[in-house]
Structure formats: C-alpha cells, structure tokens
1. Residue check, B:Lys47 against (1) touching a Gly at 6+ places or on another chain (Cβ under 9 Å); (2) open to solvent by 20 Å² or more (accessible area, probe 1.4 Å); (3) within 16 Å of ligand 1 (Cβ to nearest atom), all met but one. Which one?
2. Hey, can you tell me all the residues within segment A:224-271 that are under 23 Å from A:Ala95 (Cα atoms), more than 17 Å from the chain's Cα centre (by Cα) and crowded, with 22+ Cβ neighbours inside 10 Å?
3. Of the residues that sit in segment B:167-223 and are away from ligand 1 (no atom under 16 Å from the Cβ) and basic (Lys, Arg), which one is least open to solvent (accessible area, probe 1.4 Å)?
4. Please note which helices (runs of 4 or more DSSP H) are completely contained in segment B:63-167 and include at least 1 residues that are under 17 Å from B:Gly178 (Cβ atoms).
5. Would you confirm, using the coordinates I've provided, whether B:Val249 is out of contact with any His (no Cβ under 9 Å at 6 or more places or on another chain), at pLDDT 95 or above and either within 12 Å of ligand 1 (Cβ to nearest atom) or not in a loop (DSSP other than H, G, I, E, B) (or both)?
6. Considering only segment B:102-110, I want to know if a residue exists there that is away from every other protein chain (no Cβ under 11 Å) and within 30 Å of B:Glu17 (Cα to Cα).
7. Is it the case, given these coordinates, that B:Leu89 is open to solvent by less than 10 Å² (accessible area, probe 1.4 Å), more than 14 Å from every other protein chain (Cβ to nearest Cβ) and within 16 Å of ligand 2 (Cβ to nearest atom)?
8. Look at segment B:94-106 and say how many of its residues are open to solvent by 50 Å² or more (accessible area, probe 1.4 Å) and touching a residue at least 40 places away in the same chain (Cβ under 8 Å).
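The values are calculated or read from the model by the stated rules, or taken from the named source; none is laboratory data. These numbers come from a predicted model, not from an experiment. All Cβ positions, glycine included, derive from the backbone under ideal geometry; neighbour counts span all protein chains shown. Heavy atoms of the whole protein, side chains included, go into the accessibility calculation; ligands, DNA and RNA do not. Shrake-Rupley method; radii C 1.70, N 1.55, O 1.52, S 1.80 Å.
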Amino acid sequence: MTSPSIEPKAHSHGLGDIPFSKLATHGSFDVNDFPVPNGREEEWRFTPIRRLKGLHDGSAVADGTDKLDVDAPEGVTVERVGRDDSRIGKAGFPADRVVAQAHTSFEEATVVTVAQGKALDRHVTIDREAQGGTRFDQYVIDVKPLAEAVIVLNQTGTGVRAGSVDVHVGEGARLTLVSVQDWDGDTVDVTQHNAQVAKDATFKSIVVTLGGDLVRLSPKVAYTGRGGNAELHGLYFTGDGQHHEHRSLIDHNLSHTRSRVEYKGALSGKDAHGVWIGDVIIGEGTTGTDSYEHNRNLQLTDDTRVDSVPNLEIFTGEVEGAGHAAASGRLDDIHLFYLRSRGIPEDEARRLVIRGYFLELINRIPVEQLRDDIMAKVERKLAAHE
Amino acid sequence: MTKFEIRGLRADVLIGEDERQEILKGVDLTINSGETHAIMGPNGSGKSTLAYAIAGHPRYEITEGEVLVDGENILEMSVDERARAGVFLAMQYPVEVPGVSMSNFLRSSVTAVRGEAPKLRQFSKELQGAMKDLSIDPTFAARGVNEGFSGGEKKRHEILQLELLKPKVAILDETDSGLDVDALKVVSEGVNRAKAGGEMGVMLITHYTRILNYVKPDFVHVFANGRVAESGGPELADTLEAEGYERFVKAGA
Ligand SMILES: Nc1ncnc2c1ncn2[C@@H]1O[C@H](COP(=O)(O)OP(=O)(O)OP(=O)(O)O)[C@@H](O)[C@H]1O
Ligand SMILES: [Mg+2]
C-alpha cells in the first residue's frame with residue numbers, strides 16, 4: 001500500500017515529473033495516425049504482438065460474423081446501424097492502433113438506448129457469439145437521464161475481435177454494465193470501453209475475463225458533470241498460455257467526482273500472463289476528487305506471470321482522497337493449514353479459499369443467475385488446473 | 001478406548017530457506033482416552049511447537065519420533081488425514097481466512113470428518129445449539145472464518161469446532177489465555193461437555209491454574225527446553241504456580 005500523493009501540480013506518480021498528463025485522453029479515430037506497434041512501446045510492451053493475428057498491422061481482413069441475441073425489457077431499444085450513425089464515437093478516442101483500426105474498418109454498430117427516467121424491471125442481456133473470422137465492432141450504450149439499468153454483455157465463441165463499447169450514463173442515471181469475456185481458447189479480443197459519466201450519475205463496470213487466447217480490454221472513464229461516480233470491478237482467471245490484460249484509465253477531469261477501481265485475478269498454469277495497468281488522472285484545477293484503485297493477483301502456480309502497474313497522476317492540491325495498492329502472491333499456506341487441520345481435504349480447502357477470494361467481487365453482480373454461472377465457471381477452471 | 005502416544009519426538013522450526021532450529025528435543029507422552037493432561041512450561045519452551053508439529057503445520061518439520069493414535073503413526077498422514085483420524089488442535093492463535101464463511105467452513109469440516117454430509121436442516125439446528133451453548137451470537141455464522149474476531153471470540157469458536165468434530169484427542173493450546181472470567185467458564189464447560197463421553201483424551205497447554213479448576217487434570221507435566229521435564233498429579237500445578245519454572249529451566253540449560 002502506498003500513501004496518497006497530494007503534491008500540488010506537476011507531480012506525477014511513476015512517470016517522473018511532467019507538466020501535463022501523458023495519459024490524457026489523446027487518441028485518434030484514424031488508424032493511420034498510429035504507427036504499427038513493434039511491442040517496445042509503452043502501451044504495447046506487455047502485449048504479445050505476434051498473437052494479435054494481424055489486428056495491429058492492417059493485415060487482418062474483416063470476414064467474421066457474430067450471432068447476437070438480445071433480451072431487453074420495455075424501455076430499451078436496440079438498433080443495428082451503419083457507419084454513418086451520428087451516435088457512434090462520441091464517448092472517447094481510440095487510444096491505440098487496434099481500436100482505431102476497428103473504428104476505421106467497422107461496417108455495422110449496435111446501439112442500445114435506455115429511455116429517460118426508466119428504471120428497468122429486469123436486466124438487459126446481449127449474448128454475443130463470435131462465429132469465426134475477424135470482425136470489427138462498435139457498441140453504443142446510451143442510458144438517458146434518471147434511467148436505471150443493468151446490462152450484461154455475454155461474449156462467447158471463436159474469432160478475432162476488436163472494437164469499442166461507448167457508454168453514456170446520463171444525469172442522475174445508474175448503469176451497471178457486466179462484460180463477460182468467456183471466449184473460446186483461441187479467440188483474440190482487443191476492446192476499449194469509453195464511459196462518459198454525467199452529473200450525479202453512477203456507472204458500475206464489472207469485467208469478467210475467463211476465456212480467449214489474448215484479451216486486452218481498456219476501460220476508460222471521464223466525467224461530464226460533478227457528482228459523477230464510477231466503479232470499475234474486474235475478475236480474471238488466467239489459465240495456461242492465456243494473456244489477459246486490463247488497462248483502466250479514470251480521468252478525473254472535473255471536480256467532485258469519485259472512482260473506485262478493483263481488479264482481482266487468479267493465474268494458474270504455464271505462461272498464464274495477467275496484466276493490469278491502472279491509470280488515474282486527477283486534473284488540474286479540480287477539487288474534491290475521491291479515488292482509489294486496487295489490484296490483487298493470486299498466482300496458483302509458479303509458472304505464471306503478473307505485471308501490475310498502478311499509476312496515479314495528480315495535478316491539483318485539492319484532493320479528498322487518492323491511493324492505490326497492488327499485491328501479488330500465492331495461496332496462503334497457513335489459511336490452507338487451518339482449513340485442513342479441520343479435516344477438509346486439500347483440493348476442497350483450495351476451492352474454499354479461492355471462492356472466498358472472488359466472492360465479494362462476484363457478489364457485486366446484481367443478477368443471481370449470472371453470479372452462480374460465473375462462480376461455477378471459476379470453479380471449473382480451477383478444477384482443470386488441479 | 002484410544003491411546004495417543006508421542007514417542008521420542010524431535011522437530012525443527014523452519015525459519016528461512018536454509019535456516020532451521022531444533023525446538024522439540026525428544027518428547028515422550030502418552031494420553032489415554034478420558035484422561036486430561038495439563039502441560040505447563042515457560043514461554044518459548046516449545047509447547048505450541050509440539051501442538052503444531054502434531055497437527056502438521058507447514059513451518060515445522062519433524063526429524064525424529066512417532067505420534068501414534070491406537071498404534072498408527074499419524075506423522076505419515078497429511079494434515080487433513082490427521083484431523084479425520086481424530087486429532088484436533090485448538091490453536092493459540094486461530095487463523096483468519098477471509099471470504100470463507102464460518103457456516104460453510106464448519107459444514108465442510110463436519111462433512112469431511114464424519115465422512116458424510118449432514119442433512120442441512122439437522123446441521124443448522126446442531127450448529128445453532130452448539131453456538132448457543134458457547135454464548136456465540138448466531139450472526140457469527142455468516143462472517144468470514146475468524147475474520148475480525150476478538151481474541152476471546154476466536155477461542156470460543158475453536159471450542160465450537162471441538163464440540164462439532166468430537167475428536168479422539170484434543171490438544172488445547174492456551175485456549176484459556178485472553179478469556180474473561182465468564183468466557184473462561186463457558187469455554188471450560190464446552191471442553192467438559194466434549195469430555196463427558198469419556199472417549200476423548202485432552203492435552204491442555206496452559207500457564208494458569210485458573211482453567212484447571214474447571215477442567216480437572218489427571219496429570220500435570222512440566223515442559224521445558226523442548227521436552228517433558230517432570231510429570232506429576234494435579235498438585236504439581238500448584239507447586240509450579242507458587243515456585244515458577246526456574247528449577248526446570250536451569251536443569252535443561
Ligand atoms: N520463525 C521462527 N524463527 C525463530 N524462532 C522461532 C520461530 N518460530 C518459533 N521460534 C522459536 O521456537 C521456540 C518455541 O516456540 P513456541 O511457540 O513453541 O513456545 P511456547 O512454549 O508455545 O511459548 P508460549 O508459552 O509463549 O506460547 C521459541 O523460542 C520461538 O522463539
Ligand atoms: Mg505457545
């Protein structure tokens with residue numbers, strides 16, 4: 001745990017002294033504004049470029065399809081729209097070449113709108129099954145002022161996928177977005193989430209990454225009004241050879257905004273690689289920011305790798321709270337000893353402890369069936385590695 | 001009828017990668033079912049080490065000797081097998097296991113030790129009763145294992161487990177430390193209930209004669225420098241309380 005840094009101006013946390021944030025929401029919608037990455041760049045240095053299947057150098061050809069099943073209650077509209085729809089690309093710039101490539105190349109987008117003032121009586125489920133090939137995508141989720149919604153994006157199947165999910169949480173609205181990456185073992189997924197959180201709005205993101213060969217997910221948050229609240233929660237279980245990379249960025253560009261970032265992972269098996277980059281910017285001239293981020297990793301076997309990089313940049317003296325923590329470690333053998341000393345067999349003791357490790361996070365998912373499904377999947381992955 | 005025998009037990013504490021230190025230097029002790037043996041001895045003499053080594057704690061390694069339950073050497077068993085063979089350790093410092101609820105933990109444990117899952121209804125009734133007997137608030141069942149429990153609350157829960165698991169041999173490592181007068185009584189009654197069947201042997205590690213007024217020992221042993229230095233009847237406890245351990249510490253040094 002490190003103590004909060006509340007040095008005024010130009011103080012940076014981890015990047016040396018620089019006058020303004022390098023992390024700021026720079027980017028471009030045009031793929032040609034980004035050089036082809038070679039893997040040595042700061043934003044690519046943890047990603048195995050060779051496994052991106054051509055997403056990064058323009059060689060990937062868009063030839064794939066997704067099967068989409070939407071289940072939505074009254075008050076929600078779901079549209080499939082073309083490139084020229086004015087609602088696309090309004091929540092933030094693509095921050096890297098792959099996401100820009102997706103924006104340059106996509107043909108179809110999905111727009112989900114929750115009507116103003118509507119508190120949904122059940123959650124929205126978007127089942128997305130990748131059916132092979134390469135596909136570039138854009139999703140827009142627009143929750144109008146004072147609406148309340150829980151949206152589950154449940155992603156399965158095989159293929160190479162890149163794109164953005166734009167999220168607008170209107171004034172006083174509340175959205176919980178659960179994004180499940182339960183891809184087949186060979187799938188590549190590079191996606192950026194861009195959330196715009198309005199005045200007094202609450203955005204909860206719950207990311208669950210279990211599948212895929214390579215998943216690189218970048219959830220970004222910015223505020224359009226005071227009193228905005230964003231909570232990013234993430235769970236990943238990274239098995240043999242899998243690469244799971246989560247790169248969050250919270251831009252406290254306005255005063256009186258709050259954020260929490262909590263990502264927890266378990267890794268098991270040869271060359272399982274988990275990456276967490278947690279960037280938080282507290283903007284110049286802002287006051288009353290409250291921010292905390294946290295990453296924990298449980299390395300169940302020795303042949304796994306974790307890179308965990310919290311990065312807090314503060315450009316103002318008027319911070320209410322800011323801090324971060326990161327920890328990686330093994331299952332605690334004293335915990336296991338205690339359970340086993342009461343007769344509980346080792347594998348069951350391990351299961352209990354790992355269940356306990358993820359429980360609080362899973363309990364944040366407001367859909368019981370989904371909580372049970374995810375716990376069951378975590379346990380299956382665990383069993384597969386025993 | 002169970003015979004619990006510790007024979008010539010030597011054990012090291014594992015300190016660092018290549019660092020270890022011998023703590024137990026040849027312990028011999030036999031406990032028959034129905035008997036209560038009090039173990040008293042100075043700080044650092046190795047009492048907890050003895051308890052942990054028997055249970056199979058990963059920080060200790062046994063270098064010589066045997067621990068037999070009815071002739072079977074439990075040192076050849078894994079930690080959980082030892083527990084299922086009927087050996088129970090109430091720890092001096094019970095471990096917090098966050099995220100695992102007490103009720104889940106207890107059900108898993110009872111299932112493992114009894115060899116079959118108790119009916120849910122029946123078990124929750126049994127658990128509620130056992131908690132009530134120990135004056136434990138029912139809300140504890142939903143909390144994480146020992147998570148944020150006070151010292152005294154942890155000790156009560158150790159005895160709760162003792163009562164649910166009904167072991168053949170119970171090793172109680174300073175279960176009385178840190179208990180207020182009322183709690184000491186409640187906890188002692190729990191131990192006595194577990195003893196009531198006459199089937200359980202008890203090794204009771206303590207610094208105070210206070211608990212021995214409630215849980216009557218048949219034998220008292222002085223533990224010093226990693227071995228049993230002297231054995232006697234209940235009266236030895238009073239002598240120790242009056243005179244201290246000086247005599248034994250010197251003798252062993
Ligand atoms: N990790 C360690 N490194 C060094 N010495 C250790 C370590 N763990 C235990 N010891 C030593 O082993 C010895 C025996 O400790 P133990 O806890 O068994 O004593 P005890 O008789 O239970 O004492 P107490 O009455 O204070 O509970 C002590 O001298 C202690 O310092
Ligand atoms: Mg001790």
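1. Evaluating B:Lys47 over (1) touching a Gly at 6+ places or on another chain (Cβ under 9 Å); (2) open to solvent by 20 Å² or more (accessible area, probe 1.4 Å); (3) within 16 Å of ligand 1 (Cβ to nearest atom) leaves (2) as the failure.
2. A:Gly228, A:His252, A:Thr257
3. B:Lys195
4. Output list reads B:151-165.
5. For B:Val249, the condition - out of contact with any His (no Cβ under 9 Å at 6 or more places or on another chain), at pLDDT 95 or above and either within 12 Å of ligand 1 (Cβ to nearest atom) or not in a loop (DSSP other than H, G, I, E, B) (or both) - is not met.
6. Scanning segment B:102-110 turns up no residue that is away from every other protein chain (no Cβ under 11 Å) and within 30 Å of B:Glu17 (Cα to Cα).
7. Taking the combined requirement at face value, the residue does not satisfy it.
8. Of the residues in segment B:94-106, 2 are open to solvent by 50 Å² or more (accessible area, probe 1.4 Å) and touching a residue at least 40 places away in the same chain (Cβ under 8 Å).
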